[in-house]
Amino acid sequence: MSFCPERWPERRRFAVAEMILATLRGFLLERLIGEDASEVGEGFEALIRMLEREEAAPDA
C-alpha cells in the first residue's frame, strides 16, 4: 500500500490495494485459460486509467 498517497486514510488505501490485487488475479487467470491474451494488455490500460482517476478524486 506504499504506492498510495500518504494523505489517504488507511481504509481507502486498503480498498484500493485489494482492488488492484483482485484485478491482477483476474488478469492472471485470463492469461492462463483465456483464448485471447491481448485483452490482458487492454485491462492493464483500464486499470491505470482507474488508478489515475482514484488518485485525482477528492479525499473522502
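The values are calculated or read from the model by the stated rules, or taken from the named source; none is laboratory data. Computed from a predicted model, the values in this text were never measured in an experiment. When we count neighbours, we look across all protein chains shown, and the Cβ atoms used for this are built from the backbone with ideal geometry, even at glycine. In case anyone asks, the SASA skips ligands and DNA or RNA and just uses the protein heavy atoms, side chains included. Shrake-Rupley method; radii C 1.70, N 1.55, O 1.52, S 1.80 Å.
Numbers at a glance
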quantity	calculated
Convex hull volume per residue for the chain, taking Cα atoms only, in Å³	69
Cβ charges +1 (Lys, Arg) and -1 (Asp, Glu), total dipole of the chain, debye	300
Residue of R11, R31, R49 that the Gaussian network model of the chain assigns the largest fluctuation, springs spanning Cα pairs under 10 Å	R11
Extension gain (nm, one decimal) between R49 and T23, 0.36 nm per residue minus Cα-Cα	8.0 nm
Acute angle (nearest 10 degrees) that the helix 10-33 long axis makes with the longest principal axis of the chain, alpha-carbon atoms	10
Gain upon complete extension [E42, F3; 0.36 nm per residue less C-alpha separation]	11.9 nm
Accessible-area composition of the stretch 1-51, carbon plus sulfur, in percent [1.4 Å probe]	60
